[in-house]
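Participant: One structure coming up, written as structure tokens, with questions to follow.
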Amino acid sequence: MLTDYLLCLFATEPRRYQAIYYTLVGKRTTSNLYAGLAYGLLKWLQIYPNLELAQFQAELTQLQEKGWLMVEDRQAWLTPAGADQKATLMTTLEWPTHYYGPEMGHLQQFQCRLFLAIQIMSEYSHHNTHYFPIETSMRDRVQVVSWFKQHKQDSEMVTQFKQELQQILTQLTPVQADLLANRLVGHQIIGQSQQQLAQKLTIAPLIVTIRLLDAQAHFFAILSQHTTDYPLLACLLSPLDSTLSLSTAQTWTLLQQGQSIEMISQKRRVKLGTIREHILETAILQPQFPFERFISSDLETALAALMTEMPDLTFNVAHEQLPTLDFFSYRLYQIKTKVVAA
């Protein structure tokens, strides 16, 4: 079934298959982010962080053997039969509807913290201190334990926690709420594995994974957008929960304060090229990015004219026509055209 989903990520025009792989696992280089934007796949950023490259390549081989995909020179594209198969699959496969990768870089971490917090609260409400905590990273465990100690002096903590949890769960679909509830671990309650849920529901394990992911994404989105309504649960969100990477966010903050690229480079002791990479990342991921601040109207007009004549205009060809053009401005204009089109 994974093969079917991967087929739908390709098109009849060539795409860099490694860029698609890096989009799925969440490698956030500017090149990969731009490819995700250009291919219309940015929403799937980091949707499969544990996907092994060898498995991905094996799936591509299967698609080739079925006659649905052509692979050559690090690029892949659909054959006519593959395009027909994709058209069929796009209407029959089940897709997440609440997952948006750029805003969910720490979704898995949050889910681990949430499940551990639920277990701690459940055992605490039954006055039980002898239990094995669910497996999480040491960093997440420290954060959740610190959160619990900070709030345990409040006599209404357990009641408030239950109310916040129930309020969010009621906003999910019944299927989503049931799936999440069946995964929870608490006092004398052992959550079911995805394999057990698949057997119970008589559906493929991958479908359970997709539905769970969508439920988690829906929960995460509600909480992230309404933190003041759920103060206890909101404390479990990572301070790093942001569309931008930490370093890029720091650059973006300084840019919003009116500082120039050169000033930021000196202040942060970071190369000019790195600051420009941060700007490109921000342009891809941040709504209402001020493109006009970095691209002059004259340059934009000139590039628009060239791209009207040559839609697949490369930087080298553009540079021949506009000798003062640099790659940063060229890529930024490309990003603008695709962001506006989206």
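The values are calculated or read from the model by the stated rules, or taken from the named source; none is laboratory data. All of these numbers come straight from a predicted model, not from anything done at the bench. Backbone-built Cβ (ideal geometry, glycine too); neighbour counts: all protein chains shown. To get the accessible areas, we keep the full protein, side chains included, count just its heavy atoms, and leave off ligands, DNA and RNA. Shrake-Rupley method; radii C 1.70, N 1.55, O 1.52, S 1.80 Å.
Participant: Give me the pairs: first residue in region 16-29 and among the hydrophobic types (A, V, I, L, M, F, W, C), second residue open to solvent by 40 Å² or more (accessible area, probe 1.4 Å) and in a helix (DSSP H, G or I), beta-carbon distance under 8 Å, and six or more apart or on different chains, which are they?
Facilitator: From residues that are among the hydrophobic types (A, V, I, L, M, F, W, C), the pairs are A19/S31.
Participant: While we're on this one: Out of S247, S238, I need the residue that is surrounded by fewer than 16 Cβ atoms within 10 Å (Cβ to Cβ) and either at pLDDT 95 or above or farther than 19 Å from A117 by Cα (or both). Which one?
Facilitator: S247
Participant: While we're looking at this one, here's another question. Only one residue in A204, A198 is out of contact with any Phe, Trp or Tyr (no Cβ under 8 Å at 6 or more places or on another chain), surrounded by 15 or more Cβ atoms within 10 Å (Cβ to Cβ) and either closer than 25 Å to G105 by Cα or not polar (S, T, N, Q) (or both). Which one? Before you say what the answer is, go through the steps one by one.
Facilitator: Values: A204 fails: surrounded by 15 or more Cβ atoms within 10 Å (Cβ to Cβ).
Every option except A198 fails the conditions.
Participant: Out of T301, T308, T282, report the one residue that is under 20 Å from T23 (Cα atoms) and either free of Cβ contacts under 8 Å to residues at least 40 places away in the same chain or among the charged types (D, E, K, R) (or both).
Facilitator: T282
Participant: Follow-up question, since we're still on this one. Does any residue of region 124-134 turn out to be in contact (Cβ under 8 Å) with a residue 60 or more places away in the chain and surrounded by 20 or more Cβ atoms within 10 Å (Cβ to Cβ)?
Facilitator: First, pick out the residues of region 124-134 that are in contact (Cβ under 8 Å) with a residue 60 or more places away in the chain: 125-126.
Still in the list and also surrounded by 20 or more Cβ atoms within 10 Å (Cβ to Cβ): none.
Checked region 124-134: no residue is in contact (Cβ under 8 Å) with a residue 60 or more places away in the chain and surrounded by 20 or more Cβ atoms within 10 Å (Cβ to Cβ).
Participant: If T324 satisfies every condition in (1) open to solvent by 50 Å² or more (accessible area, probe 1.4 Å); (2) in a helix (DSSP H, G or I); (3) within 23 Å of E277 (Cβ to Cβ) but one, which is the exception?
Facilitator: Single failed check for T324: (2).
Participant: Scanning region 9-37 for residues that are open to solvent by 10 Å² or more (accessible area, probe 1.4 Å) and β-branched (V, I, T), which turns out nearest to Q55 (Cα to Cα)?
Facilitator: If we take residues in region 9-37 being open to solvent by 10 Å² or more (accessible area, probe 1.4 Å) and β-branched (V, I, T), then V25 is nearest to Q55 (Cα to Cα).
Participant: Can I ask one more? Let me spell it out: the conditions are (1) part of a helix (DSSP H, G or I); (2) surrounded by fewer than 18 Cβ atoms within 10 Å (Cβ to Cβ), and G67 meets all of them except one. Which number is the exception?
Facilitator: Exception for G67: condition (1).
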